[in-house]
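The block underneath contains the structure these notes are about, expressed in C-alpha coordinates.
The values are calculated or read from the model by the stated rules, or taken from the named source; none is laboratory data. Source: prediction; values computed, not measured. Counting neighbours? That spans all protein chains shown, and the Cβs are built from the backbone with ideal geometry, glycine included.
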Amino acid sequence: MTRTLTIDGKAVTARDGETVLECALRNEMSIPHLCTHPNLPPFGACRMCLVEIDGMRGYPASCSTPVAEGMRVQTNTDAVRRLRRKTLELILLEHPSACLVCDKRELCERYRPKAEKAGCTTGCHTCNNKEVCEIRVLSEQLNLAALPVAPSYREMPIERSDPFIDRDLNLCILCGRCIRICEAHHDEATIAFVGRGSKTRIGQAFGRSLVDAGCRFCGSCIDVCPTGSLSDRYAKWRGKPDAVVETTCVFCEAACALSVSSTRGRISGAKALRGGVPICVLGRFALPEFVNGVTRLTVPSVRVGEVLREMPWEEALERTSRKLKQFTGNTFALVCDTTSTLEDRHLFERFVQEVMGSAHYIEIEPDRRGVSRAGLPDGVKAALMTGAFVESAELDRLDFLIVQDCYPTAISEQADVVLPAAVFAEVDGTVVDGDGHFRPLRQAGKPPGQARAEWRIVTELAGAMGAKGFDLESATDITRELGTAEAKLLPERGAAPAAAAKPGNRRTHFRGHRIDERVRGVRYLPVDNGAVPVTAAGG
Ligand code: FES
(Lines give C-alpha, C1' and ligand atoms only; values in the text may rest on other atoms or scores of the structure.)
Protein backbone atom coordinates (compact mmCIF):
# COMPACT_ATOMS: atom_id res chain seq x y z
CA MET A 1 0.00 0.00 0.00
CA THR A 2 1.41 3.41 -0.92
CA ARG A 3 1.15 6.47 1.28
CA THR A 4 1.34 10.16 0.48
CA LEU A 5 3.19 12.56 2.72
CA THR A 6 4.99 15.87 2.37
CA ILE A 7 8.70 16.35 2.94
CA ASP A 8 9.79 19.99 3.09
CA GLY A 9 6.51 20.97 1.48
CA LYS A 10 6.86 18.55 -1.45
CA ALA A 11 4.25 15.82 -1.84
CA VAL A 12 5.87 12.41 -2.20
CA THR A 13 4.60 8.86 -2.38
CA ALA A 14 6.11 6.35 0.02
CA ARG A 15 6.40 2.62 -0.54
CA ASP A 16 5.07 0.13 1.91
CA GLY A 17 7.37 -0.29 4.92
CA GLU A 18 9.63 2.63 4.05
CA THR A 19 11.11 4.89 6.66
CA VAL A 20 11.06 8.66 6.29
CA LEU A 21 14.78 8.63 5.42
CA GLU A 22 14.39 5.93 2.76
CA CYS A 23 11.45 7.76 1.23
CA ALA A 24 13.36 11.06 1.17
CA LEU A 25 16.50 9.53 -0.37
CA ARG A 26 14.50 7.68 -3.01
CA ASN A 27 12.90 10.99 -3.94
CA GLU A 28 16.38 12.56 -4.20
CA MET A 29 15.98 14.64 -1.06
CA SER A 30 18.95 14.77 1.25
CA ILE A 31 18.84 14.13 5.00
CA PRO A 32 22.22 13.79 6.76
CA HIS A 33 22.65 10.31 8.24
CA LEU A 34 25.46 8.18 9.59
CA CYS A 35 24.71 4.97 11.50
CA THR A 36 22.14 3.70 9.01
CA HIS A 37 23.17 1.66 5.97
CA PRO A 38 21.22 0.17 3.05
CA ASN A 39 22.24 -3.39 4.01
CA LEU A 40 21.20 -2.98 7.65
CA PRO A 41 17.99 -2.54 9.61
CA PRO A 42 17.56 0.91 11.26
CA PHE A 43 19.45 1.46 14.48
CA GLY A 44 18.80 5.08 15.48
CA ALA A 45 22.08 5.55 17.31
CA CYS A 46 23.86 8.56 15.84
CA ARG A 47 20.93 11.03 15.78
CA MET A 48 22.25 12.73 12.66
CA CYS A 49 19.05 12.12 10.72
CA LEU A 50 16.73 14.02 13.10
CA VAL A 51 13.72 15.71 11.54
CA GLU A 52 10.59 17.52 12.70
CA ILE A 53 7.24 15.83 12.07
CA ASP A 54 3.94 17.62 12.68
CA GLY A 55 2.15 16.10 15.63
CA MET A 56 5.19 14.20 16.95
CA ARG A 57 7.04 15.22 20.06
CA GLY A 58 10.73 16.04 19.89
CA TYR A 59 12.92 15.27 16.91
CA PRO A 60 12.43 11.72 15.66
CA ALA A 61 15.21 9.91 13.83
CA SER A 62 14.08 9.67 10.21
CA CYS A 63 16.01 6.41 9.69
CA SER A 64 13.80 4.55 12.16
CA THR A 65 10.47 6.37 11.76
CA PRO A 66 8.04 4.63 9.39
CA VAL A 67 6.11 6.84 7.02
CA ALA A 68 2.40 7.41 7.66
CA GLU A 69 -0.38 8.74 5.49
CA GLY A 70 -0.56 12.55 5.55
CA MET A 71 2.69 12.93 7.50
CA ARG A 72 4.32 16.38 7.22
CA VAL A 73 8.10 16.27 7.61
CA GLN A 74 10.57 19.16 7.91
CA THR A 75 14.18 18.12 7.36
CA ASN A 76 16.02 21.40 7.45
CA THR A 77 14.70 23.70 10.17
CA ASP A 78 17.06 25.82 12.27
CA ALA A 79 16.42 23.56 15.23
CA VAL A 80 17.34 20.29 13.48
CA ARG A 81 20.38 21.86 11.83
CA ARG A 82 21.58 23.08 15.22
CA LEU A 83 20.98 19.69 16.83
CA ARG A 84 22.79 17.83 14.08
CA ARG A 85 25.80 20.12 14.28
CA LYS A 86 26.02 19.74 18.04
CA THR A 87 25.70 15.96 17.70
CA LEU A 88 28.47 15.84 15.10
CA GLU A 89 30.68 18.05 17.29
CA LEU A 90 30.20 15.55 20.11
CA ILE A 91 31.02 12.61 17.82
CA LEU A 92 34.17 14.40 16.72
CA LEU A 93 35.36 14.94 20.27
CA GLU A 94 37.01 11.56 20.04
CA HIS A 95 37.70 11.34 16.35
CA PRO A 96 40.81 12.77 14.70
CA SER A 97 39.31 15.62 12.75
CA ALA A 98 42.05 17.81 11.33
CA CYS A 99 41.08 16.88 7.77
CA LEU A 100 37.40 17.63 8.37
CA VAL A 101 37.95 21.29 9.14
CA CYS A 102 41.21 21.95 7.26
CA ASP A 103 40.95 24.54 4.47
CA LYS A 104 43.35 22.44 2.32
CA ARG A 105 41.15 19.37 2.35
CA GLU A 106 40.30 19.70 -1.34
CA LEU A 107 43.97 19.24 -2.22
CA CYS A 108 44.24 16.30 0.10
CA GLU A 109 41.39 14.54 -1.70
CA ARG A 110 42.90 15.20 -5.10
CA TYR A 111 46.41 13.99 -4.35
CA ARG A 112 45.61 11.14 -2.04
CA PRO A 113 48.14 8.47 -2.93
CA LYS A 114 46.46 5.39 -1.51
CA ALA A 115 43.19 3.47 -1.68
CA GLU A 116 42.72 4.09 1.98
CA LYS A 117 45.08 6.39 3.74
CA ALA A 118 47.11 4.18 5.97
CA GLY A 119 49.11 4.30 9.12
CA CYS A 120 48.40 6.15 12.35
CA THR A 121 45.63 8.59 12.62
CA THR A 122 46.49 12.00 13.92
CA GLY A 123 46.93 13.97 10.73
CA CYS A 124 45.12 14.68 7.51
CA HIS A 125 47.63 12.72 5.41
CA THR A 126 47.67 9.67 7.62
CA CYS A 127 44.00 9.02 8.21
CA ASN A 128 43.01 5.48 7.43
CA ASN A 129 39.79 6.33 5.68
CA LYS A 130 38.35 4.99 2.49
CA GLU A 131 37.73 6.67 -0.82
CA VAL A 132 34.69 8.44 0.56
CA CYS A 133 34.91 9.69 4.13
CA GLU A 134 31.37 9.75 5.45
CA ILE A 135 32.36 11.93 8.40
CA ARG A 136 33.84 14.46 6.02
CA VAL A 137 30.74 14.41 3.82
CA LEU A 138 28.65 15.07 6.92
CA SER A 139 30.85 17.88 8.17
CA GLU A 140 30.54 19.51 4.74
CA GLN A 141 26.78 19.03 4.67
CA LEU A 142 26.54 20.68 8.08
CA ASN A 143 29.07 23.40 7.29
CA LEU A 144 31.24 22.41 10.16
CA ALA A 145 34.41 24.44 9.63
CA ALA A 146 35.74 24.54 13.19
CA LEU A 147 35.43 22.54 16.39
CA PRO A 148 34.58 24.20 19.71
CA VAL A 149 37.10 22.06 21.62
CA ALA A 150 40.17 20.16 20.54
CA PRO A 151 39.46 16.47 20.04
CA SER A 152 41.09 14.08 22.44
CA TYR A 153 43.14 11.32 20.85
CA ARG A 154 42.52 7.93 22.43
CA GLU A 155 46.09 6.74 21.87
CA MET A 156 45.05 3.18 21.26
CA PRO A 157 47.49 0.96 19.39
CA ILE A 158 46.37 -0.18 15.95
CA GLU A 159 45.28 -3.82 16.21
CA ARG A 160 47.09 -5.88 13.61
CA SER A 161 47.20 -9.30 15.20
CA ASP A 162 44.53 -10.91 13.00
CA PRO A 163 44.90 -11.79 9.35
CA PHE A 164 43.50 -9.39 6.73
CA ILE A 165 41.92 -6.72 8.96
CA ASP A 166 43.57 -3.77 10.70
CA ARG A 167 41.52 -2.11 13.43
CA ASP A 168 42.23 1.46 14.52
CA LEU A 169 39.86 2.23 17.38
CA ASN A 170 41.09 5.83 17.52
CA LEU A 171 38.86 6.42 14.49
CA CYS A 172 35.83 4.49 15.71
CA ILE A 173 32.67 6.49 16.43
CA LEU A 174 30.75 3.49 17.83
CA CYS A 175 28.05 3.65 15.18
CA GLY A 176 27.73 -0.13 15.49
CA ARG A 177 27.49 -0.78 11.76
CA CYS A 178 30.23 -3.44 11.91
CA ILE A 179 28.50 -5.32 14.72
CA ARG A 180 25.12 -5.12 13.07
CA ILE A 181 26.38 -6.40 9.69
CA CYS A 182 28.18 -9.23 11.50
CA GLU A 183 24.89 -10.12 13.23
CA ALA A 184 22.94 -9.83 9.98
CA HIS A 185 25.38 -11.93 7.94
CA HIS A 186 26.21 -14.70 10.38
CA ASP A 187 24.35 -16.91 12.83
CA GLU A 188 26.61 -15.73 15.58
CA ALA A 189 28.31 -12.33 15.54
CA THR A 190 32.05 -12.30 16.16
CA ILE A 191 32.28 -8.72 17.38
CA ALA A 192 30.31 -6.75 19.94
CA PHE A 193 30.44 -3.60 22.03
CA VAL A 194 32.78 -4.43 24.91
CA GLY A 195 33.52 -2.32 28.00
CA ARG A 196 31.32 0.37 29.47
CA GLY A 197 30.83 4.11 29.40
CA SER A 198 33.81 5.99 27.98
CA LYS A 199 35.69 2.68 27.73
CA THR A 200 33.17 1.18 25.30
CA ARG A 201 34.79 -0.11 22.13
CA ILE A 202 34.34 -2.67 19.38
CA GLY A 203 35.97 -6.01 20.19
CA GLN A 204 35.57 -9.72 20.82
CA ALA A 205 34.29 -11.25 24.02
CA PHE A 206 37.01 -12.28 26.50
CA GLY A 207 39.67 -10.48 24.49
CA ARG A 208 39.92 -13.30 21.98
CA SER A 209 41.42 -12.76 18.55
CA LEU A 210 39.11 -12.60 15.54
CA VAL A 211 40.35 -16.05 14.45
CA ASP A 212 39.65 -17.58 17.88
CA ALA A 213 36.27 -15.85 18.05
CA GLY A 214 35.27 -17.57 14.81
CA CYS A 215 35.44 -14.63 12.40
CA ARG A 216 34.49 -15.66 8.87
CA PHE A 217 36.62 -12.89 7.37
CA CYS A 218 33.90 -11.93 4.92
CA GLY A 219 35.06 -8.30 5.17
CA SER A 220 31.49 -6.96 5.43
CA CYS A 221 32.45 -5.00 8.56
CA ILE A 222 35.12 -3.13 6.58
CA ASP A 223 32.67 -2.40 3.79
CA VAL A 224 30.15 -0.72 6.09
CA CYS A 225 32.57 1.11 8.42
CA PRO A 226 32.07 4.85 7.80
CA THR A 227 35.33 6.01 9.33
CA GLY A 228 38.14 3.74 8.19
CA SER A 229 38.48 2.32 11.67
CA LEU A 230 38.46 -1.10 9.98
CA SER A 231 40.62 -1.53 6.92
CA ASP A 232 41.77 -4.20 4.48
CA ARG A 233 45.42 -4.63 5.36
CA TYR A 234 46.52 -5.69 1.90
CA ALA A 235 44.35 -3.49 -0.32
CA LYS A 236 45.07 -0.23 1.44
CA TRP A 237 48.70 -0.31 0.34
CA ARG A 238 47.95 -1.02 -3.31
CA GLY A 239 47.20 2.55 -4.31
CA LYS A 240 44.00 4.43 -4.94
CA PRO A 241 41.87 2.37 -7.36
CA ASP A 242 41.35 3.96 -10.76
CA ALA A 243 39.00 1.30 -12.19
CA VAL A 244 36.40 -1.13 -10.90
CA VAL A 245 35.09 -4.15 -12.83
CA GLU A 246 32.19 -6.45 -11.98
CA THR A 247 33.22 -10.06 -12.41
CA THR A 248 32.94 -13.56 -10.92
CA CYS A 249 35.12 -15.30 -8.35
CA VAL A 250 36.61 -18.57 -9.62
CA PHE A 251 38.01 -19.89 -6.35
CA CYS A 252 35.01 -22.20 -5.99
CA GLU A 253 31.77 -23.28 -7.63
CA ALA A 254 29.71 -20.69 -5.69
CA ALA A 255 30.83 -18.15 -8.36
CA CYS A 256 30.13 -15.06 -6.23
CA ALA A 257 29.79 -11.74 -8.04
CA LEU A 258 32.69 -9.47 -7.14
CA SER A 259 33.59 -5.87 -7.57
CA VAL A 260 37.31 -5.96 -8.36
CA SER A 261 39.31 -2.73 -8.25
CA SER A 262 42.60 -2.03 -9.94
CA THR A 263 45.28 0.59 -9.69
CA ARG A 264 47.30 1.41 -12.81
CA GLY A 265 46.20 -1.90 -14.29
CA ARG A 266 47.09 -4.12 -11.32
CA ILE A 267 44.34 -5.70 -9.24
CA SER A 268 44.27 -3.95 -5.88
CA GLY A 269 41.13 -5.12 -4.07
CA ALA A 270 37.96 -7.21 -4.23
CA LYS A 271 34.65 -7.22 -2.43
CA ALA A 272 31.10 -8.51 -2.78
CA LEU A 273 29.29 -6.78 -5.62
CA ARG A 274 26.19 -6.00 -3.56
CA GLY A 275 26.85 -7.05 0.00
CA GLY A 276 23.40 -8.48 0.73
CA VAL A 277 25.04 -11.74 1.83
CA PRO A 278 28.70 -12.25 2.71
CA ILE A 279 31.35 -13.71 0.44
CA CYS A 280 34.14 -15.96 1.66
CA VAL A 281 37.63 -15.00 2.75
CA LEU A 282 39.12 -16.13 -0.56
CA GLY A 283 36.98 -13.84 -2.73
CA ARG A 284 37.21 -10.91 -0.32
CA PHE A 285 40.85 -10.99 0.72
CA ALA A 286 42.85 -13.71 -1.02
CA LEU A 287 42.21 -12.90 -4.68
CA PRO A 288 44.31 -9.70 -5.00
CA GLU A 289 47.20 -11.13 -3.03
CA PHE A 290 47.10 -14.38 -5.02
CA VAL A 291 47.27 -12.69 -8.42
CA ASN A 292 49.94 -10.20 -7.33
CA GLY A 293 52.37 -12.77 -5.90
CA VAL A 294 55.99 -11.89 -6.61
CA THR A 295 56.77 -15.42 -7.79
CA ARG A 296 54.14 -15.42 -10.57
CA LEU A 297 55.38 -16.82 -13.86
CA THR A 298 55.86 -13.83 -16.13
CA VAL A 299 58.08 -14.89 -19.04
CA PRO A 300 58.02 -17.98 -21.31
CA SER A 301 60.96 -20.29 -20.86
CA VAL A 302 62.20 -23.33 -22.77
CA ARG A 303 64.69 -25.94 -21.63
CA VAL A 304 67.98 -25.58 -23.41
CA GLY A 305 70.36 -28.28 -22.28
CA GLU A 306 69.86 -28.58 -18.54
CA VAL A 307 68.36 -25.15 -17.90
CA LEU A 308 65.05 -23.42 -18.51
CA ARG A 309 65.96 -20.34 -20.49
CA GLU A 310 63.66 -17.32 -20.75
CA MET A 311 62.87 -16.26 -24.29
CA PRO A 312 60.33 -14.20 -26.27
CA TRP A 313 56.90 -15.73 -26.87
CA GLU A 314 57.47 -16.19 -30.59
CA GLU A 315 60.68 -18.13 -30.14
CA ALA A 316 59.26 -20.20 -27.28
CA LEU A 317 56.19 -21.16 -29.31
CA GLU A 318 58.24 -21.89 -32.40
CA ARG A 319 60.55 -24.24 -30.47
CA THR A 320 57.58 -25.84 -28.71
CA SER A 321 55.66 -26.46 -31.91
CA ARG A 322 58.70 -28.00 -33.61
CA LYS A 323 59.09 -30.50 -30.79
CA LEU A 324 55.37 -31.13 -30.36
CA LYS A 325 55.03 -32.30 -33.97
CA GLN A 326 56.86 -35.49 -32.91
CA PHE A 327 54.00 -36.45 -30.57
CA THR A 328 50.81 -36.46 -32.63
CA GLY A 329 48.10 -39.02 -31.97
CA ASN A 330 47.51 -40.59 -28.59
CA THR A 331 51.07 -40.03 -27.47
CA PHE A 332 49.90 -36.52 -26.49
CA ALA A 333 47.59 -35.46 -23.63
CA LEU A 334 46.34 -32.12 -22.36
CA VAL A 335 45.35 -31.93 -18.70
CA CYS A 336 43.36 -29.00 -17.33
CA ASP A 337 40.73 -28.46 -14.67
CA THR A 338 37.40 -26.66 -14.66
CA THR A 339 38.81 -23.48 -13.14
CA SER A 340 39.84 -22.57 -16.70
CA THR A 341 37.11 -20.70 -18.54
CA LEU A 342 34.70 -22.48 -20.88
CA GLU A 343 36.41 -20.67 -23.74
CA ASP A 344 39.85 -21.89 -22.68
CA ARG A 345 38.62 -25.45 -22.33
CA HIS A 346 36.88 -25.37 -25.69
CA LEU A 347 40.13 -24.32 -27.33
CA PHE A 348 42.12 -26.90 -25.36
CA GLU A 349 39.81 -29.66 -26.59
CA ARG A 350 39.96 -28.45 -30.17
CA PHE A 351 43.74 -28.27 -29.96
CA VAL A 352 43.98 -31.86 -28.71
CA GLN A 353 41.62 -33.22 -31.35
CA GLU A 354 42.29 -31.06 -34.40
CA VAL A 355 45.98 -30.22 -34.04
CA MET A 356 47.38 -33.17 -32.11
CA GLY A 357 44.92 -35.82 -33.35
CA SER A 358 44.70 -37.24 -29.84
CA ALA A 359 41.77 -38.50 -27.77
CA HIS A 360 43.45 -37.51 -24.51
CA TYR A 361 41.78 -34.28 -23.49
CA ILE A 362 41.60 -34.66 -19.71
CA GLU A 363 39.43 -32.20 -17.80
CA ILE A 364 39.38 -32.54 -14.00
CA GLU A 365 36.61 -31.40 -11.67
CA PRO A 366 38.37 -30.17 -8.50
CA ASP A 367 37.22 -31.79 -5.25
CA ARG A 368 35.61 -29.75 -2.44
CA ARG A 369 39.03 -28.53 -1.37
CA GLY A 370 39.94 -27.46 -4.90
CA VAL A 371 42.39 -30.31 -5.35
CA SER A 372 42.60 -31.54 -8.96
CA ARG A 373 44.39 -34.82 -9.57
CA ALA A 374 44.65 -37.03 -12.64
CA GLY A 375 46.76 -39.82 -14.03
CA LEU A 376 48.15 -39.91 -17.56
CA PRO A 377 46.84 -42.58 -19.97
CA ASP A 378 49.18 -45.37 -21.03
CA GLY A 379 51.29 -44.55 -24.04
CA VAL A 380 51.35 -40.79 -23.46
CA LYS A 381 54.81 -39.39 -24.08
CA ALA A 382 54.11 -35.65 -24.24
CA ALA A 383 51.70 -33.49 -22.24
CA LEU A 384 50.50 -29.95 -21.76
CA MET A 385 49.26 -29.16 -18.24
CA THR A 386 47.60 -26.02 -16.97
CA GLY A 387 48.44 -26.70 -13.30
CA ALA A 388 50.11 -29.14 -10.94
CA PHE A 389 47.65 -31.99 -11.50
CA VAL A 390 49.86 -35.05 -11.86
CA GLU A 391 52.15 -36.81 -9.41
CA SER A 392 55.77 -35.90 -10.11
CA ALA A 393 56.66 -39.60 -10.46
CA GLU A 394 54.32 -39.90 -13.47
CA LEU A 395 56.28 -37.26 -15.30
CA ASP A 396 59.34 -39.51 -15.53
CA ARG A 397 57.82 -41.39 -18.43
CA LEU A 398 57.24 -38.25 -20.49
CA ASP A 399 59.63 -37.18 -23.21
CA PHE A 400 58.18 -33.69 -23.50
CA LEU A 401 56.26 -31.63 -20.96
CA ILE A 402 54.68 -28.20 -21.42
CA VAL A 403 53.39 -26.41 -18.33
CA GLN A 404 51.08 -23.46 -18.78
CA ASP A 405 50.51 -22.07 -15.30
CA CYS A 406 50.46 -19.00 -13.06
CA TYR A 407 53.05 -20.04 -10.44
CA PRO A 408 56.11 -22.28 -10.59
CA THR A 409 55.76 -25.75 -9.05
CA ALA A 410 57.79 -28.92 -8.69
CA ILE A 411 56.18 -29.96 -11.99
CA SER A 412 57.10 -26.79 -13.86
CA GLU A 413 60.67 -27.21 -12.67
CA GLN A 414 60.78 -30.54 -14.54
CA ALA A 415 59.08 -29.15 -17.65
CA ASP A 416 60.64 -28.61 -21.05
CA VAL A 417 58.53 -25.52 -21.68
CA VAL A 418 56.92 -23.17 -19.14
CA LEU A 419 54.35 -20.67 -20.41
CA PRO A 420 53.00 -17.93 -18.08
CA ALA A 421 49.20 -17.90 -17.88
CA ALA A 422 46.78 -15.17 -16.83
CA VAL A 423 44.13 -16.22 -14.31
CA PHE A 424 41.09 -15.03 -12.36
CA ALA A 425 40.13 -11.43 -13.02
CA GLU A 426 43.00 -11.00 -15.48
CA VAL A 427 40.95 -12.60 -18.25
CA ASP A 428 37.57 -12.48 -19.97
CA GLY A 429 35.44 -15.55 -20.41
CA THR A 430 32.71 -17.70 -18.94
CA VAL A 431 32.71 -19.98 -15.92
CA VAL A 432 30.07 -22.46 -14.85
CA ASP A 433 28.83 -22.38 -11.27
CA GLY A 434 27.83 -25.33 -9.12
CA ASP A 435 24.23 -25.11 -10.36
CA GLY A 436 25.28 -25.18 -14.01
CA HIS A 437 24.69 -21.48 -14.68
CA PHE A 438 27.03 -19.48 -16.91
CA ARG A 439 28.78 -16.63 -15.07
CA PRO A 440 30.94 -13.99 -16.74
CA LEU A 441 34.60 -13.52 -16.00
CA ARG A 442 35.69 -10.01 -16.91
CA GLN A 443 39.19 -8.70 -17.07
CA ALA A 444 39.80 -6.31 -14.20
CA GLY A 445 43.57 -6.05 -14.31
CA LYS A 446 46.60 -6.70 -16.48
CA PRO A 447 48.34 -10.07 -16.18
CA PRO A 448 51.87 -9.80 -14.79
CA GLY A 449 54.79 -9.46 -17.19
CA GLN A 450 54.14 -11.33 -20.44
CA ALA A 451 51.52 -13.73 -19.03
CA ARG A 452 48.67 -14.34 -21.48
CA ALA A 453 45.13 -15.68 -21.42
CA GLU A 454 45.16 -19.46 -21.76
CA TRP A 455 43.02 -19.53 -24.90
CA ARG A 456 45.45 -17.13 -26.55
CA ILE A 457 48.47 -19.28 -25.72
CA VAL A 458 46.80 -22.31 -27.28
CA THR A 459 45.64 -20.47 -30.41
CA GLU A 460 49.15 -19.16 -30.95
CA LEU A 461 50.65 -22.60 -30.40
CA ALA A 462 48.16 -24.03 -32.90
CA GLY A 463 49.12 -21.26 -35.34
CA ALA A 464 52.82 -22.03 -34.87
CA MET A 465 52.04 -25.66 -35.74
CA GLY A 466 50.39 -24.55 -38.97
CA ALA A 467 46.83 -25.41 -37.89
CA LYS A 468 43.90 -23.63 -39.53
CA GLY A 469 40.79 -22.26 -37.81
CA PHE A 470 42.49 -20.96 -34.68
CA ASP A 471 42.65 -17.32 -35.73
CA LEU A 472 40.39 -16.15 -32.87
CA GLU A 473 40.92 -12.62 -31.62
CA SER A 474 39.09 -12.51 -28.32
CA ALA A 475 37.31 -14.61 -25.72
CA THR A 476 34.07 -13.24 -27.16
CA ASP A 477 34.89 -14.86 -30.54
CA ILE A 478 35.16 -18.21 -28.75
CA THR A 479 31.96 -17.64 -26.76
CA ARG A 480 30.23 -17.05 -30.08
CA GLU A 481 31.74 -20.22 -31.52
CA LEU A 482 30.54 -22.11 -28.42
CA GLY A 483 27.03 -20.67 -28.74
CA THR A 484 26.41 -20.77 -24.98
CA ALA A 485 23.63 -18.84 -23.29
CA GLU A 486 24.42 -15.35 -22.06
CA ALA A 487 26.46 -15.40 -18.85
CA LYS A 488 25.02 -13.34 -16.01
CA LEU A 489 26.52 -12.24 -12.72
CA LEU A 490 24.95 -13.48 -9.51
CA PRO A 491 24.87 -10.26 -7.46
CA GLU A 492 22.29 -11.46 -4.94
CA ARG A 493 21.86 -14.95 -3.59
CA GLY A 494 19.46 -16.38 -1.06
CA ALA A 495 22.10 -17.51 1.41
CA ALA A 496 25.81 -17.15 1.98
CA PRO A 497 27.96 -19.71 0.16
CA ALA A 498 29.27 -22.52 2.38
CA ALA A 499 32.78 -21.06 2.64
CA ALA A 500 31.40 -17.67 3.74
CA ALA A 501 29.32 -19.25 6.49
CA LYS A 502 32.33 -21.18 7.78
CA PRO A 503 35.90 -20.49 6.67
CA GLY A 504 36.77 -24.14 7.32
CA ASN A 505 34.66 -25.01 4.26
CA ARG A 506 36.79 -22.99 1.89
CA ARG A 507 38.96 -24.44 -0.85
CA THR A 508 42.60 -24.87 0.01
CA HIS A 509 43.95 -25.32 -3.53
CA PHE A 510 43.71 -23.64 -6.89
CA ARG A 511 45.12 -25.52 -9.90
CA GLY A 512 47.33 -27.61 -7.68
CA HIS A 513 48.69 -24.60 -5.81
CA ARG A 514 48.16 -24.35 -2.08
CA ILE A 515 46.41 -21.02 -1.62
CA ASP A 516 48.01 -20.47 1.77
CA GLU A 517 51.47 -20.59 0.17
CA ARG A 518 50.52 -17.52 -1.86
CA VAL A 519 48.26 -15.74 0.64
CA ARG A 520 49.83 -15.60 4.07
CA GLY A 521 46.73 -14.74 6.11
CA VAL A 522 44.85 -17.86 4.95
CA ARG A 523 47.22 -20.16 6.81
CA TYR A 524 45.90 -18.88 10.17
CA LEU A 525 42.33 -19.97 9.44
CA PRO A 526 40.92 -23.38 10.36
CA VAL A 527 40.27 -26.05 7.76
CA ASP A 528 37.50 -28.45 8.75
CA ASN A 529 38.67 -32.07 8.94
CA GLY A 530 42.05 -30.89 7.91
CA ALA A 531 45.09 -29.04 9.03
CA VAL A 532 45.10 -27.28 12.37
CA PRO A 533 45.81 -23.60 11.77
CA VAL A 534 48.81 -21.73 13.02
CA THR A 535 47.66 -20.01 16.23
CA ALA A 536 48.96 -16.47 15.92
CA ALA A 537 49.21 -14.12 12.97
CA GLY A 538 51.75 -11.39 12.60
CA GLY A 539 51.02 -7.96 11.16
FE1 FES B 1 19.45 7.87 11.89
FE2 FES B 1 21.89 7.40 12.77
S3 FES B 1 21.22 7.68 10.76
S4 FES B 1 20.10 7.77 13.91
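What to note about this one:
- Restricting attention to segment 155-182, the residues being in a loop (DSSP other than H, G, I, E, B) and over 19 Å from residue 275 (Cα atoms) number 15.
- Test: residue in segment 483-491 that is surrounded by fewer than 21 Cβ atoms within 10 Å (Cβ to Cβ) and without any contact (Cβ under 8 Å) to a residue 24 or more places away in the chain: yes
- Residue check for residue 139: in a loop (DSSP other than H, G, I, E, B) and small (Gly, Ala, Ser): no
- Strands (runs of 3 or more DSSP E) (entirely within segment 404-455) containing at least 3 residues that are farther than 18 Å from residue 513 by Cβ and in contact (Cβ under 8 Å) with a residue 40 or more places away in the chain: 429-432, 438-441
- Sub-8 Å Cβ pairs linking a first residue in segment 42-57 that is basic (Lys, Arg) to a second residue that is at pLDDT 95 or above and within 10 Å of the ligand (Cβ to nearest atom), at least 6 apart or interchain, are 47/61, ordered by first then second residue.
- Scope segment 232-286; condition basic (Lys, Arg), in contact (Cβ under 8 Å) with a residue 60 or more places away in the chain and within 19 Å of residue 221 (Cβ to Cβ); matching residues: 233, 236, 274, 284
- The number of residues in segment 47-74 that are farther than 21 Å from residue 2 by Cα, charged (D, E, K, R) and not in a loop (DSSP other than H, G, I, E, B) comes to 1.
- Of all residues making up segment 26-37, the number that are touching a residue at least 40 places away in the same chain (Cβ under 8 Å) and either out of contact with any Lys or Arg (no Cβ under 9 Å at 6 or more places or on another chain) or within 12 Å of the ligand (Cβ to nearest atom) (or both): 6
- Lone qualifier among 429, 463 - being more than 24 Å from residue 258 (Cα to Cα), modelled with pLDDT of 95 or more and surrounded by 14 or more Cβ atoms within 10 Å (Cβ to Cβ): 463
- With respect to being modelled with pLDDT of 95 or more, within 15 Å of the ligand (Cβ to nearest atom) and hydrophobic (A, V, I, L, M, F, W, C), residue 50 fits the description.
- Condition check for residue 40: of a type outside the set (Val, Ile, Thr), under 23 Å from residue 276 (Cα atoms) and either at pLDDT below 95 or away from the ligand (no atom under 14 Å from the Cβ) (or both): yes
- Some residue of segment 13-25 being in contact (Cβ under 8 Å) with a residue 40 or more places away in the chain, more than 10 Å from the ligand (Cβ to nearest atom) and part of a strand (DSSP E or B): yes
- Search result, residues across segment 58-79 that are farther than 21 Å from residue 12 by Cα and either surrounded by 20 or more Cβ atoms within 10 Å (Cβ to Cβ) or without any contact (Cβ under 8 Å) to a residue 24 or more places away in the chain (or both): 58, 78
- Residues satisfying the stated conditions in segment 53-79, i.e. under 26 Å from residue 146 (Cα atoms), within 15 Å of the ligand (Cβ to nearest atom) and under 39 Å from the mean Cα position of the chain (by Cα): 61, 75
- Members of segment 134-179 found to be away from the ligand (no atom under 16 Å from the Cβ), modelled with pLDDT under 90 and under 19 Å from residue 37 (Cβ atoms), listed by number: 136, 171
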